[in-house]
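Below: the structure, in C-alpha cells.
The values are calculated or read from the model by the stated rules, or taken from the named source; none is laboratory data. The shown structure was predicted, so the numbers you read here are calculated from the model rather than taken from an experiment. Neighbour counts run over all protein chains shown; Cβ positions are idealised from the backbone, glycine included.
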Amino acid sequence: MTKIISPDEAKQNSSFKSALTELLYQLADDDFILAYRGSEWLGLAPHIEEDVAFSSINQDTMGHAAIFYQLLEELGEGDMDVLAHSRPPKERLNAVLLEMVNGTGTYLENPKFDWAYTVVRHYFYTAAKKIKMDSLKNSTYQPLADAAARVSIELFYHMMHWRTWFQQLMLAGGEARTRMEKAIFQVMDEMEGVITLGPKGQEIIKFALIEHDKTLKDRWQAVLSPVFTSVNSIMPESMGMKSGNGRNGEHTADLESALAIMNEVYILDPAANW
C-alpha cells in the first residue's frame, strides 16, 4: 500500500517537496493563465447565454488555480497572491498553449478573436485536466488528492459544455467545420506541453503524486477519439510543443503581455484581494 504523505512530512522530505511543488506550480499556472484568456471573451462570446456560461467556467478555473496556489503557500512557497501575480514569466510553468492569444487585436481595440480555436483549446485542455484530477484523487499527498476531488466535480460540467460546442461546430459543416479543423491542428501542435510533467516528471511519478504522463496521454486520446468519430472525423495522431516547453520556463511574448495586464491592480495595491 502506498504511504500517504501529510503536509508536515512533505516539508521535511526535500525530494518529495521539490517534486510536489513542481506539479502544483504546473496545475496552478495552467489554470491561472487560461482563466485569463477565457475572461477576455467577456461581452464577445457568440451569444449572451454563452457569455454567462463561459464567465462562470472562467471563475471556476481561477478558483481552481487559487486552490493549488493555496497548497503551495501551505508548503512554505510564499503568499499565494505573490505566487499568482509577482512571479516573472520565466518562473511560470504553464503550458505554452494556454498563454497564446485568442486571436488578433486586443480586447478593447478591434478584437478579432477565434471562437473555433477557443472551443478546441478549452475542450482539449479540460479533457486533459479531468484525467489529471481523476489520477490525483489517488495522489500520495492527501491535500492534493482532496483538492482534486473538489475540482473534478466542476469539470464534469465544463467537459459537457465544451464537448457540446465541439460537436455542434464540427457537424455544422461549411466554414464552421473548416475553422474547427484548422484549430484542431493548431492546438495539437502545442498539446504535448499540457500533458508533459516536465523536467521533474520522473520524481513526480516516483513519489506517486500522479500517474505517468504517457498513461495520462493514452487516456486523453481514448476520451477524445470517440468524440471525433461522432463528428465523422479522425483524431490527429501526433501532438507537439511547437512553441516551446512551458514546464521548462520557455514562453512566448503572449505570456509577458498577459501578465502585465493581469497584474496591473496588484502592482498598484498588493494588499487587494484577487
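Quick notes
- Positions within the stretch 57-78 being touching a helix residue (DSSP H, G or I) at 6+ places or on another chain (Cβ under 6 Å), over 25 Å from Arg121 (Cβ atoms) and without any contact (Cβ under 8 Å) to a residue 40 or more places away in the chain, in sequence order: Gln70, Glu73
- Among residues of the stretch 212-223 being over 16 Å from the mean Cα position of the chain (by Cα) and either part of a helix (DSSP H, G or I) or at pLDDT below 95 (or both), the one that is surrounded by the fewest Cβ atoms within 10 Å (Cβ to Cβ) is Ala222.
- The stretch 1-39, residues that are over 30 Å from Asn58 (Cβ atoms), in contact (Cβ under 8 Å) with a residue 40 or more places away in the chain and assigned to a helix (DSSP H, G or I): Ala10, Lys11, Ser15, Phe16, Lys17, Ser18
- Of all residues in the stretch 136-155, none are at pLDDT 95 or above and over 30 Å from Ala10 (Cα atoms).
- Any hit, the stretch 133-144, residues being under 26 Å from Glu256 (Cβ atoms) and surrounded by 16 or more Cβ atoms within 10 Å (Cβ to Cβ): no
- Residue tally, condition part of a loop (DSSP other than H, G, I, E, B), of a type outside the set (A, V, I, L, M) and surrounded by fewer than 16 Cβ atoms within 10 Å (Cβ to Cβ), over the stretch 108-117: 2
Here's the yes/no breakdown for (1) within 18 Å of the chain's Cα centre (by Cα); (2) surrounded by 21 or more Cβ atoms within 10 Å (Cβ to Cβ); (3) among the acidic types (Asp, Glu):
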{"position": "Ile4", "(1), (2), (3)": "no, no, no"}
{"position": "Pro7", "(1), (2), (3)": "no, no, no"}
{"position": "Ser14", "(1), (2), (3)": "no, no, no"}
{"position": "Leu20", "(1), (2), (3)": "yes, yes, no"}
{"position": "Gly43", "(1), (2), (3)": "no, no, no"}
{"position": "Glu49", "(1), (2), (3)": "no, no, yes"}
{"position": "Phe54", "(1), (2), (3)": "yes, yes, no"}
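- Tally, over the stretch 224-258, of residues that are assigned to a helix (DSSP H, G or I) and under 22 Å from Gly198 (Cβ atoms): 8
- Pair list, Cβ under 7 Å, 6 or more apart: the stretch 148-175 residue within 15 Å of Asn58 (Cα to Cα), other residue part of a helix (DSSP H, G or I) and polar (S, T, N, Q): Leu155/Thr126; His158/Thr126; Met159/Thr126; Trp162/Thr126
- Exclusive hit being surrounded by 16 or more Cβ atoms within 10 Å (Cβ to Cβ) and small (Gly, Ala, Ser), set Gly240, Gly244, Gly174, Gly193: Gly193
- Residue pairs whose Cβ atoms lie under 6 Å apart, separated by 6 or more positions or on different chains, with the first residue in the stretch 87-100 and closer than 13 Å to Met262 by Cβ and the second modelled with pLDDT of 95 or more and surrounded by fewer than 16 Cβ atoms within 10 Å (Cβ to Cβ), are Pro89/Glu256.
- The residues in the stretch 153-171 that are under 10 Å from Val231 (Cβ atoms), among the hydrophobic types (A, V, I, L, M, F, W, C) and exposed (fewer than 15 other Cβ atoms within 10 Å of the Cβ) can be counted, and the count is 1.
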